[in-house]
Amino acid sequence: MSKTLTTAPAVNSTSDGGTLQRWSRPALILVALIVLAALPLYLDAQMLKIGSWSMAAAVGAIGLTLLVGTAGQLSLAHAFFAAVGAYGYAYLASPSDGLGWPPVFAALGGIALAATAGLAFSPVAARVRGLYLGVASLGLVFIGQHLLKNLGEITGGVNGRGVPPFSVLGFELTGNQPALSVLGVAFGAQERIWYLALFSLLVAIYLSRGIINRRPGRAFTMVRDNQAAASALGIDVQRYKASAFVISSAFAGGAGVLTGLAYAYLTPQNFGLPLSINFLVMVLIGGLGSVGGAVVGAIIVTATPLLLANLAANTGILAAGGSGGYDAGTVSSIVFGVLVVALIILEPGGLARLGSRLWSGISARLGATTRKTSRKETL
């Protein structure tokens, strides 16, 4: 009798890996959204504040990574545009010492003012590049500090000014009115600000990915890589460089509005040169040009000093602030410095590249396990 040899069907490893990545990534995103939506039910007010501040910073970091990573333009003026958005909202929305606009229109107005400020600076951004653009943009921070301290009727001067609450149809998203309770948990100001910041961050991610994946993003990348080749292909180099600066300024303005709502009070010290440097550190740690990396970098840079300060207050491990010892600010600065240097040397692509490599390795292992299981079942 003759025997028929049965062979197992070939398994396309590339197809398995691609299918795994295609389905697992949306699943992880969905799980992350569910967790983020549920956290206000469990976190205390202080942790919710840290989360809201981190998400506000992430919106600004996304704008900067579009400018620096995708379009290849260095800017140290992000703090200035954030200040324009924050103070613009505060003045437009205030009924007592401002224009008294509805909060939604005031927020859009603050973002528009920041974009307009970026448009005013765009002729410089279109003609200057590299370190020269960074130095030129740095001047905006000092100009902004002078204006914030001297335009007292609008900014409140050195003492700053309060930020009107944000409400929609009478429902306060940064206050306690009307009273709301979910699953027995009172949803006050901090819980509501968390959801406002989360929604704003999701909108920023959606818009930025739309820019990167469409024609403007491809043009930004071409201008970054080779301006001569981009010009030869018909790309208006100066126009796209100016557009990148305006878009980045608008994101910074949105971050300023969220920061003002989260803090509820604005002072010039909140929008100085350290903030611009922090934004740059965020995108360097996360990975230039990566939206997800910018979000992770913003969370690390914003939350680490605050968490260390809480640790110091509760345990006494770190020195008190201003004592001259290793306080939370000093330790976090050391950590950021070491992390930036290590990433530049070991992985210039930042945490985004490391995460991508890790994810590819996990996907390959899971794909190999799936193929082995399929072969055993066939045999």
Taking Cα atoms, how many degrees apart are the long axis of helix 78-93 and the longest axis of the chain, rounded to 10 and kept between 0 and 90? 60
Peptides ranked, highest mean first, by Cβ atoms within 10 Å: ranges 173-184, 81-92, 150-161, 98-109: 81-92, 98-109, 150-161, 173-184
Is the C-alpha gyration tensor of segment 72-213 telling us rounded, prolate or oblate? Criteria: a/c under 1.5 is rounded; beyond that, a/b larger than b/c is prolate, otherwise oblate. oblate
Given unit charges at Cβ for Lys, Arg (+) and Asp, Glu (-), the dipole magnitude of the chain about its Cα centre in debye, nearest 20, is 1540
Would you work out what percent of the accessible area of segment 40-101, with all protein chains in place, is carbon or sulfur (probe 1.4 Å)? 62
In degrees from 0 to 90, rounded to the nearest 10, what is the angle of the helix 215-225 Cα long axis to the longest principal axis of the chain? 90
Packing rank of 213-224, 270-281, where each peptide gets the mean count of other beta carbons within 10 Å, highest leading: 270-281, 213-224
Which is farthest toward the positive dipole end of the chain among L201, S231, A262, measuring Cα position about the Cα centre, with Cβ charges +1 (Lys, Arg) and -1 (Asp, Glu)? S231
Of the candidates I111, A319, L351, the farthest towards the positive dipole end of the chain (Lys/Arg Cβ +1, Asp/Glu Cβ -1, centred on the Cα centre) is L351
Here the chain gives, from Cα atoms, an Rg and Dmax in Å of 23.9, 101
Leaving ligands, DNA and RNA out of it, report the carbon-plus-sulfur percent of the accessible area of segment 164-290 at a 1.4 Å probe. 62
Can you tell me the length gained on complete extension of the stretch V168 to L99, counting 0.36 nm per residue apart and subtracting the Cα distance? 23.1 nm
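How fast does segment 135-193 diffuse by Stokes-Einstein, in µm²/s, taking the Kirkwood radius from C-alpha pairs at 20 °C and 1.002 mPa s?
Values: Rh = 14.3 Å.
Result for D is 150 µm²/s.
Could you report the chain's accessible area per residue, 1.4 Å probe, as an integer in Å²? Working shown, then result.
Details: 19760 Å² over 379 residues.
Computed with neighbouring chains in place, this is 52 Å² per residue.
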Inter-part gap, Cα centre of segment 43-89 to Cα centre of segment 267-282, in whole angstrom, is 9
Taking the chain as the reference, fit the longest principal axis to its C-alpha atoms, fit the long axis of helix 189-213 to the helix C-alpha atoms, and give the angle between the two in degrees, 0 to 90, nearest 10. 60
Within-12-Å neighbourhood charge of A197 [Cβ basis; K, R +1; D, E -1]: +1
Once amide H atoms are placed 1.01 Å from N in the peptide plane, what residues at a sequence separation of 5 or more from E172, or on another chain, have their amide H within under 5 Å of its amide H? Q177
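Sorted by mean Cβ packing within 10 Å, highest first, what order do the peptides 349-362, 193-206, 235-248 take?
Numbers: 349-362: 16.2, 193-206: 18.8, 235-248: 20.9.
Ranked by mean Cβ neighbours within 10 Å, highest first: 235-248, 193-206, 349-362.
Considering all projection directions equally, how large on average is the shadow of the alpha-carbon convex hull of segment 233-357, in square nanometres? Kindly include the intermediate steps, with their values, before the conclusion.
Values: hull surface 43.2 nm².
Answer in nm², one decimal: 10.8.
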Explain nothing, just compute: Karplus ³J(HN,Hα) = 6.51 cos²θ - 1.76 cosθ + 1.60, θ = phi - 60°, for every residue of segment 138-150 in order, whole Hz, x for Gly and Pro. 4, x, 5, 5, 5, 4, x, 4, 5, 5, 5, 7, 10
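The values are calculated or read from the model by the stated rules, or taken from the named source; none is laboratory data. Note that the structure is a prediction, hence the values are computed from the model and not measured. Positions of Cβ are generated from backbone atoms using ideal geometry, with glycine treated the same way; all protein chains shown enter the neighbour counts. In case anyone asks, the SASA skips ligands and DNA or RNA and just uses the protein heavy atoms, side chains included. Shrake-Rupley method; radii C 1.70, N 1.55, O 1.52, S 1.80 Å.
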